[in-house]
Amino acid sequence: MIRLFDTQFSEIREIEPKEAGKFSIYVCGPTVYDRPHLGHGRFVLVYDILRRFLAYQGFDVRFISNITDIDDKILDRASKEGISPKEVADTYEQVWWETLDRLGVMRPDEAPHATDWLAEMVELIELLIESGAAYSTPEGVYFEVEKAPGYGLLARQDLSELRAGARVEVVQTKRSPFDFALWKLVESDEWGWQSPFGYGRPGWHTECVVMALGLLGEGFDLHGGGLDLCFPHHENERIQAVASGREFARHWMHNGFVMVGDEKMSKSLGNFETLENLLERFDSRSYRLLVLRSHYRSPMDVTPENSEDAERALERIDAFARRFTDLCERNHTVGADEGAMSRFVAAMSEDLNTPVALSYAFEAITGANGSMDRGQRDKAVAYAKAALAQLEILGLVVESKIDVPADVVALAELRVAARRAKDYALADNYRQEILDLGYVVEDAGSGFGFRRA
RNA sequence: GGCGGCGUGGCCGAGUGGUUAGGCAGAGGCCUGCAAAGCCUUGCACAGCGGUUCGAUUCCGCUCGCCGCCUCCA
C-alpha cells in the first residue's frame with residue numbers, strides 16, 4: 001500500500017494497482033539531443049527510488065521509460081553539426097545510459113523509441129480523425145481540444161482560463177490556439193515518414209500514448225515525469241487516449257524542479273548544469289542523497305555547498321558501513337529492527353517522504369553505533385541491519401570496504417608495533433606516512449581500519 | 001488576467017494544534033597515548049499583522065516577499 005499525490009485530483013491518494021501484486025509505471029524519458037542535466041538527474045532518481053521501494057514492498061514492478069528520438073531539436077542539432085538526426089539521437093542516448101549508470105539508476109524494463117512506434121502512432125491518429133477528435137489542415141493533423149471533455153484536468157484549469165499564445169505564437173490554421181499537432185507535414189527532402197496524411201513527422205505527445213498503452217495496457221497504474229511535462233505534454237497525452245476511448249494512467253505523479261538560485265533550471269533559460277559535470281566534481285552518490293533529502297514535489301536547490309554537505313553525510317554512512325557490514329553478514333540470528341523498518345516504510349508509503357525515511361535511516365545508524373558502544377551487540381546488529389536495508393531501498397550504495405595497497409597495510413602494522421612499544425612519536429610518523437599515501441588509519445579495538453583521506 | 005505552490009534555527013530540510021525530525025556546521029563532555037570514528041549533552045526556529053482556541057509554527061483572514069504553469073523544457 002502506498003499513498004501518492006495525484007496531480008489529477010490534487011491530493012494524496014492511495015494507489016491500488018489494477019492487478020494485485022503488480023505495479024506498472026510509465027515515466028517520460030529524455031529527448032536525446034543534448035547531454036543530460038541536473039533536472040533529468042532528479043527525475044530519474046525520484047522514480048528509481050519509487051521503483052526500488054515498490055519492489056521492496058513486494059510488487060512486481062514493470063517500469064517503462066521512453067527515449068524520444070523524433071523531435072525538432074534533434075533535427076536542429078543534426079543540421080548544425082552536419083550529421084543525421086539518427087546519429088544525434090544515438091550519440092546522446094548512449095550518453096544518457098552511461099550517466100544513469102553512474103547515478104546508480106536501474107535501467108527501465110523497456111525503453112521504447114518513438115521511431116519504433118510510428119505505425120501505432122499513425123493508427124491512433126487515424127482513429128482520432130475518424131472519431132472526429134482530430135482534423136486536417138494544409139499543415140498537418142491537429143487534435144481539437146475544445147471538443148474533448150475534461151481538457152485541462154492535469155493543469156487544473158478550465159480551457160477558457162488558459163491564456164492563448166501566452167508564450168508561443170498562435171498558428172492561424174488551427175481551429176483553436178490550444179489544438180496541438182498530431183502529425184506535421186514536411187517537405188519530402190526533410191526528415192520524415194510517409195503516412196496516410198502525407199509525408200511528415202508525428203507530434204511529440206502521441207508517442208507516449210501508444211508506447212504506454214502498447215507496453216502496459218489500458219489503465220496502467222502510474223504515469224510520471226517532471227512537473228514541466230504536466231501541461232501540455234501529459235494533458236495532451238491523456239486527452240488523446242481518452243478521445244480514442246481508452247483508459248489511460250490511473251494515477252499521475254510529477255516531481256518538482258531543480259532550482260538555480262531562485263530560478264528553475266531549464267534548457268530554455270540556459271542555466272543548466274550537466275550531470276556529468278556534477279558527477280566529476282562530487283561523489284556520485286551525493287546527488288542521490290540530495291534528491292532524497294528534499295521531498296520529490298518540492299523545488300530543490302543544488303549548490304556546491306549542498307553537494308559538499310551531502311558528501312560529509314556520506315562519510316558518516318560509510319563509517320557506519322565499515323563498522324557494521326561484516327558483523328551483520330556474519331550474524332544470522334538477529335534480524336533488522338522491526339520498529340525501525342516499519343517507521344521507514346510508513347514514511348515512504350506516505351507520498352514518498354524520503355527526507356523522513358532518510359532521517360530514520362540515520363537514527364538507525366545512531367542506534368547501531370550507540371548500542372555497540374554500550375556493548376549491546378545484538379541490538380546494534382538489529383539497528384545496523386535496518387539501516388543497511390533502508391539505504392539499499394533508497395539506492396544508496398555504502399562503501400564498507402576500501403582497497404588499501406599492501407604497503408599502506410604494512411605501515412599500519414608497523415604503527416601497531418610502535419604503539420605497543422609505546423613509541424608514539426614513531427607511531428605518529430607512520431600515521432603521517434599513511435596519510436601522505438592518501439589514507440587515514442583509525443584505531444579499532446586491537447586492530448585498525450582505513451578511510452580515504 | 002487565470003491556476004498552483006513557497007517563506008522553518010548558522011546552512012540544508014521534514015513535520016505537527018500542546019511532546020527531540022534528520023543531516024551538515026558550532027559548543028561542552030566521554031572514549032583515545034594523541035587522533036580519527038563513535039557516543040552523550042547543547043541551540044529562547046517556524047516572514048509580518050490580526051482572528052479562532054485553554055493553547056498555533058501548525059487552522060482562518062489580510063499584508064509583505066518569492067517561485068512555478070498557462071503549447072521549448074525533467
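No value in this document is a laboratory result; all are computed from the given coordinates. Quick caveat: nothing in here was measured; it's all calculated off a predicted structure. Methodologically, a virtual Cβ is constructed for each residue, glycine included, from the backbone with ideal geometry; neighbour enumeration extends over all protein chains shown.
Data table
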| quantity | calculated |
| --- | --- |
| Those residues of the range A:54-70 whose amide nitrogen sits under 18 Å from the label point placed on A:ARG3, 7 Å along Cα→Cβ | A:54 |
| Angle between chain A longest axis and helix A:354-373 axis [Cα atoms, degrees, rounded to 10] | 10 degrees |
| Full-stretch length increase - A:ASP76, A:GLU11 - with 0.36 nm per residue and alpha-carbon distance subtracted | 19.4 nm |
| Label-zone membership for the range A:360-394, site A:LEU327, 7 angstrom Cα→C-beta point, backbone N under 13 Å | A:365-388 |
| Label point distance in nm, A:ARG452-A:SER284, each placed 7 Å from Cα along Cα→Cβ | 1.2 nm |
| Residue (of A:PHE53, A:GLY39, A:TRP252) at the positive-pole extreme of chain A, dipole from beta-carbon charges | A:PHE53 |
| Contour excess over end-to-end distance, with Cα ends at A:SER188 and A:ALA425 and 0.36 nm allotted per residue | 77.1 nm |
| Crossing angle, helix A:406-420 versus chain A [Cα axis fit, 0-90 degrees, rounded to tens] | 40 degrees |
| Three-way shape call for the range A:2-255 based on the alpha-carbon gyration tensor, with the a/c threshold at 1.5 | oblate |
| Lys, Arg +1 and Asp, Glu -1 on Cβ, resulting dipole of chain A about Cα centre, debye, nearest 20 | 1500 debye |
| Rounded tilt (10° steps) of A:85-103 against the dominant C-alpha axis of chain A | 30 degrees |
| Partners for A:LYS385 among aspartates and glutamates (Cα-Cα distance below 17 Å; same-chain residues under 8 apart left out) | A:ASP318, A:ASP326, A:GLU329, A:ASP337, A:GLU338, A:GLU363, A:ASP373, A:GLU399 |
| Helix-only mean residue ellipticity at 222 nm for chain A, each DSSP H run of n ≥ 4 adding -39500 (n - 2.57), per residue, nearest 500 | -14500 deg cm²/dmol |
| Amide H contacts of A:SER266 (H built 1.01 Å from N, under 5 Å, at least 5 apart or other chain) | A:ASN271, A:PHE272 |
| Relative contact order computed over chain A (Cα-Cα under 8 Å; 6+ residues apart), in percent | 16 percent |
| Violating pairs (Cα-Cα greater than 30 angstrom) within the set A:LYS22/A:LYS147; A:LYS22/A:LYS184; A:LYS73/A:LYS264; A:LYS184/A:LYS267; A:LYS379/A:LYS401; A:LYS22/A:LYS401 | A:LYS22/A:LYS147; A:LYS22/A:LYS184; A:LYS22/A:LYS401 |
